Amino acid sequence: MTIYPDLQLYIAGAWRKSTQTLPVLNPADESVIGRLPVASRADLDDALAAAVEGHRVWSRTAPSRRAEIILKAASLMRERVEDIAYSITLEHGKPIAQARLEVQRGCEFFEWDAAEGLRAYGRVIPSSPDIRYIVLHQPIGTVAAFSPWNFPMSQPARKIAGALGAGCSIILKASEETPAGAIHIARAFHDAGLPPGVLNLVFGVPADISSYLIPQAPIRLVAFTGSTMVGKHLSELAARNVKPVLMELGGHAPVIVCDDVDPVAAAALSVARKARNAGQVCTSPTRFFVHKKLYATFVEAFAERARTIALGNGLDAATQMGPVANHRRIEALDALVSDARDKGARLLAGGVRKEGAGYFFPLTVAADLPDDARAMHEEPFGPLALINPVDSLDDAIEKANALPFGLAAYAFTHSARNAHHLSERIEAGNLSINTLEASVAETPFGGVKESGYGREGGVEGLHHYMTVKSISHRMMI
Ligand code: NAD
């Protein structure tokens, strides 16, 4: 039988409780499903000391042995997919099928980074015969990582996979609202034989933990996924202590629909992707710029499909979209929708929170939004799609690039010329053409402009968790 796990801190290879706890809610009915342990200063000090020892041991463990342990943990998580998916749906709300896919995706991150750790090659630079120049890639040290609530398992997996694959130890503060995904990961690593202190998991008040941990000497990298506002704050804290950062921040993804595609097919794909995770994804397709020739058909097809999306409890197999994860999203969506309506946008689907318990907000479609509508420049981070017409590809690219964000961007076109033009000119870390998948384990993922700094995944992902050492070795003095 699947049950929501007992929430504890994981420090120095052991589970521990806390005297101070916070409630964890089920967003589908607002009931309390668990008590989050809040780490004390003493817990954080213990985690730091454990991570120093963990780094000493792990960085000196052969990469092949490190890969073996990471792969073992990933295979345990695959075996436990039903338990993990159940916990995710309970604390986050997403449909159970999406939670299962999330677990698989998290495992793929571990599997990829375990293998990449084996290929973290340095190089020998050609030189005169009496001296040798060598470049070594070494694990950067202990990582302080902060993962958000939208993907309770795959977001912590990204950070832990990068750190452990590179040979670093990590102190992860996972989300206080969706903590169980990280608990399941720590359990799998514990069972796989990870040495104590390599992975430490803490919870608590985010600002208290980040302001205490980041300045500490053993912390050598700060990795964060979340809002641009918090990312800026943590980057400042890190800069004051001369520490590098890996920042995966907000997005406001444009989708350009060119005049050479089937608008109904493009709308069908778009609605399904917009509904995923109730739109609470930094790469969620949000600003649709549709060529005027196809506009009316696209808008109609999009709105019609959006109205059919079944909203409900994620544990119900018929549910296509669950509740949003917390009350803040309801407030943000209410504000953006009423602002858009007041400024003259056409509301074609959804727009009003479902009455009763739970944070249910339907898939909402707005069209013909003026540039000054707040939703056109503030990330909705929820099930809100915005559709506007454009005159040409140039017009669409200009609008797509107009915001300070640059994480994911999408386009539908069968023209090689359009695709080339988009590849050259779109300001985003990730461009997907004729697919709305923005990141997989084997490709680098990250943003430009205020969407962040650094990449996770791909061959680039591990580099942020490593430092480069140049060695000049003359054979004789
Ligand atoms: P928020 O800005 O309060 O928090 C965002 C995340 O940062 C949370 O996980 C939170 O625990 C963490 N956080 C907040 N203050 C922190 C601090 N001082 N130190 C360390 N961590 C801290 O916003 P929110 O209401 O939780 O989420 C809404 C916004 O966050 C969205 O609009 C979206 O832009 C962003 N977000 C982005 C992602 C992503 O995948 N990039 C994920 C979740 C949230």
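The values are calculated or read from the model by the stated rules, or taken from the named source; none is laboratory data. Since the model is a prediction, treat every value here as computed from it, not as a measurement. All Cβ positions, glycine included, derive from the backbone under ideal geometry; neighbour counts span all protein chains shown. SASA here: full protein model, heavy atoms, side chains in, ligands and nucleic acids out. Shrake-Rupley method; radii C 1.70, N 1.55, O 1.52, S 1.80 Å.
Okay, helix-only estimate at 222 nm for the chain: each DSSP H run of n ≥ 4 adds -39500 (n - 2.57), divide by all residues, round to 500 deg cm²/dmol; what do you get?
Working: 14 runs with 182 residues, N = 477.
Helix contribution divided over all residues of the chain: -12000 deg cm²/dmol.
Rg over Rh for segment 158-199 works out to 0.95, using Cα positions for both radii and the Kirkwood form for Rh.
Computed over protein heavy atoms with a 1.4 angstrom probe, the accessible surface ordering of 469, 293, largest first, is 293, 469. Taking all protein chains as they are arranged and a probe of 1.4 Å, the heavy atoms of residue 261 leave approximately 20 Å² accessible to solvent. Taking a straight line from the alpha carbon of residue 343, these aspartates and glutamates sit under 12 Å away, with near neighbours fewer than eight places off in the same chain left out: 368, 371, 372. Across segment 197-210, rounded Karplus estimates of 3J(HN,Hα) from the backbone phi angles (6.51 cos²θ - 1.76 cosθ + 1.60, θ = phi - 60°) give x, 6, 10, 10, 10, 10, 9, x, 7, x, 5, 5, 6, 5 Hz, Gly and Pro being marked x. Near the amide H of residue 369, within less than 5 Å, lie the amide hydrogens of 387, all on another chain or at least 5 residues away, with H placed in the peptide plane.
Of all lysines in the structure, the ones whose alpha carbon falls short of 23 Å from that of residue 243, not counting any fewer than 8 places away in one chain, are 159, 173, 232, 449, 469. Of the residues 160, 203, 117, the one whose Cα sits farthest toward the positive end of the charge dipole of segment 81-220, with +1 on the Cβ of Lys and Arg and -1 on the Cβ of Asp and Glu, is 117.
Accessible surface for residue 119 stands near 100 Å², nearest 10, in the context of the full protein assembly shown (1.4 Å probe).
For 393, 25, what's the largest-to-smallest order of accessible area, 1.4 Å probe? All intermediate terms of the calculation are to be shown ahead of the outcome.
Working: 393 30, 25 65 Å².
Correct descending sequence by accessible area is 25, 393.
The residue 355 and residue 304 beta-carbon pair, evaluated with R₀ = 25 Å, returns a calculated FRET efficiency of approximately 0.55.
In segment 254-441, what percentage of the DSSP-assigned beta bridges are antiparallel, given to the nearest 5? Walk me through the intermediate numbers first.
Numbers: 3 of 24 bridges.
Taking every DSSP beta bridge within segment 254-441, about 10 percent pair in antiparallel fashion.
Partner lysines whose Cα lies under 19 Å from the Cα of residue 274, excluding those fewer than 8 positions away in the same chain, are identified as 94, 354. Distant-in-sequence amide contacts of residue 219, defined by a placed amide H-H separation under 5 Å and a gap of 5 or more residues or a different chain, comprise nothing.
Using Cβ point charges alone (K and R +1, D and E -1), the dipole size of segment 254-441 about the Cα centre works out to roughly 460 debye.
Dipole of the chain computed with +1 at Lys/Arg Cβ and -1 at Asp/Glu Cβ about the Cα centre; of 303, 407, 263, farthest Cα towards the positive end is 407.
How large is the charge dipole for the chain, taken about the Cα centre, if only the Cβ atoms of Lys, Arg (+1) and Asp, Glu (-1) carry charge, to the nearest 20 debye?
Details: 48 positive and 51 negative charges, 252 e Å.
For the chain, the charge dipole is close to 1220 debye.
Placing one equal scatterer on every Cα of segment 254-441 and applying the Debye formula, the log10 ratio I(q)/I(0) at q = 0.10, 0.12, 0.15, 0.16 Å⁻¹ is -0.36, -0.53, -0.83, -0.95. Compared with the alpha-carbon gap, the fully stretched path from residue 260 to residue 233 is longer by 5.4 nm at 0.36 nm per residue.
Using the alpha carbon gyration tensor of segment 1-132, what are the three equivalent-ellipsoid semi-axes (square root of 5 times each eigenvalue), largest first, in whole Å? Please list the in-between numbers first.
Numbers: eigenvalues 283, 100, 29 Å².
After diagonalising the Cα gyration tensor, the semi-axes are 38, 22, 12 Å.
Does anything in segment 211-226 have its amide N under 12 Å from the 7 Å Cα→Cβ label point of residue 470, and if so which residues? Counting only backbone N, you get no residues.
Given the convex hull of the Cα atoms of the chain, what is a quarter of its surface area in nm²?
Values: hull surface 97.5 nm².
Hull-based average projected area comes out at 24.4 nm².
Residues whose amide H comes within less than 5 Å of that of residue 409, counting only those at least five positions distant or on another chain, are 430, 431, 432 (H built at 1.01 Å from N in the peptide plane).
Modelled label positions at residue 460 and residue 15, each set 7 Å beyond Cα in the direction of Cβ, lie 3.9 nm from each other. Once the other residues with Cβ under 14 Å from the Cβ of residue 329 are scored (Lys, Arg +1; Asp, Glu -1), what is the net sum? After counting each charged neighbour, the total is -2. Compared with the dominant Cα axis of the chain, that is its longest principal axis, helix 41-59 is turned about 70°.
As a test question: what accessible area, to the nearest 10 Å², does residue 316 have when a 1.4 Å probe is rolled over all protein chains in place? Accessible surface of residue 316 is approximately 80 Å². Restricting segment 144-244 to trypsin sites (Lys or Arg not before Pro) that sit in a DSSP loop and have at most 10 other Cβ atoms within 10 Å of their own Cβ leaves nothing. Using the Cβ-Cβ distance between residue 341 and residue 41 with R0 set to 45 Å, the FRET efficiency works out to roughly 0.40.
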